[in-house]
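Quick note: the coordinates plus some simple rules give every number you see, no bench work behind them. Just so it is clear, the structure is predicted and the values come from calculations on it, not from any experiment. Glycine gets a Cβ as well: all are built from the backbone with ideal geometry, and neighbour counts include every protein chain shown.
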């Protein structure tokens, strides 16, 4: 059923480095917030709202910027993301602020699927989206769900993968799935690409 | 007078994460929302929190914000008239 679909492109953000496909495109020695800001500048993004986002959303914007650059992205491109920590870092920050003065700007990021909304707003996507919480990277879940969306013509392309922000560490792996490309969209290929850089 | 306005600009830049703005970039009569600084509804909530935290002003009617958060000048005038700290 999935034979027609390809992993058209992928991006990795981890350990202060950004990979586009297998090629490293950016690195910085800065800790997380500095890394995110430098990446924003490097990618020449002009989107002031970026600075108001939590790290999970910033990672989502950076990763999709890499994937979408120089591409026509159909408005029905679905987003199927996953992680294990949900929005825990923003939740913890909100919990601390509750002791004094709550910040609405922090509170709005206490859901993981906000990153899907931020990406949809920036790139004008009007599409299906889902954010799954699972203990580990689950290639089967991502391929199954993405294929359903593609097979049922709910989406002509899908961005799927893993986007984690936990204990000041980040781990992003997002793939663009469409009918273009050479690498088949399969559970095995997804697993291999994700674990390649992780091990 | 001008100190309060500068203080407000600094607070807004810091608390609303307007990283691409400097104090000098914001004129006292610039619109805070819309075509001015481009603030949004979450920023409006942050401004309500800022008024309470820094100046002891508690807005009970959200509608009041529309009249106060027009510009730095309008905010400063309201704060000068109503501040409790």
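What to note about this one:
- When residue B:18 is tested against (1) touching a residue at least 12 places away in the same chain (Cβ under 8 Å); (2) surrounded by fewer than 19 Cβ atoms within 10 Å (Cβ to Cβ), just one condition goes unmet, and that condition is (2).
- Any hit, the range A:65-79, residues being within 18 Å of residue A:168 (Cβ to Cβ), touching a strand residue (DSSP E or B) at 6+ places or on another chain (Cβ under 6 Å) and not in a loop (DSSP other than H, G, I, E, B): no
- In the set B:61, B:22, B:80, only one residue is more than 20 Å from residue A:54 (Cα to Cα) and within 14 Å of another protein chain (Cβ to nearest Cβ); that residue is B:22.
- Counted residues, the range A:1-54 - those being outside any loop (DSSP other than H, G, I, E, B), touching a strand residue (DSSP E or B) at 6+ places or on another chain (Cβ under 8 Å), within 30 Å of residue B:46 (Cβ to Cβ) and touching a residue at least 40 places away in the same chain (Cβ under 8 Å): 2
Here is a yes/no grid of residues against (1) within 13 Å of chain B (Cβ to nearest Cβ); (2) over 26 Å from residue B:15 (Cα atoms); (3) within 15 Å of the chain's Cα centre (by Cα):
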{"site": "A:62", "(1), (2), (3)": "no, no, yes"}
{"site": "A:72", "(1), (2), (3)": "no, yes, no"}
{"site": "A:79", "(1), (2), (3)": "no, yes, yes"}
{"site": "A:82", "(1), (2), (3)": "no, yes, yes"}
{"site": "A:87", "(1), (2), (3)": "no, no, yes"}
{"site": "A:95", "(1), (2), (3)": "no, no, no"}
{"site": "A:101", "(1), (2), (3)": "yes, no, no"}
{"site": "A:111", "(1), (2), (3)": "no, no, yes"}
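Per-residue answers, yes or no, for (1) touching a strand residue (DSSP E or B) at 6+ places or on another chain (Cβ under 6 Å); (2) touching a residue at least 40 places away in the same chain (Cβ under 8 Å):
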position: A:56; (1), (2): yes, yes
position: A:84; (1), (2): no, yes
position: A:93; (1), (2): no, no
position: A:111; (1), (2): no, no
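- Odd one out for residue A:176, checked against (1) farther than 17 Å from residue A:65 by Cβ; (2) surrounded by 14 or more Cβ atoms within 10 Å (Cβ to Cβ); (3) away from every other protein chain (no Cβ under 14 Å); (4) in contact with a helix residue (DSSP H, G or I) (Cβ under 6 Å, 6 or more places away or on another chain): (1)
- Considering (1) without any contact (Cβ under 8 Å) to a residue 12 or more places away in the chain; (2) closer than 15 Å to residue A:60 by Cα; (3) surrounded by 16 or more Cβ atoms within 10 Å (Cβ to Cβ), the lone condition that residue A:103 does not fulfil carries the number (2).
- Of the residues making up the range B:34-58, those that are more than 12 Å from chain A (Cβ to nearest Cβ) and surrounded by 18 or more Cβ atoms within 10 Å (Cβ to Cβ) are B:55, B:57.
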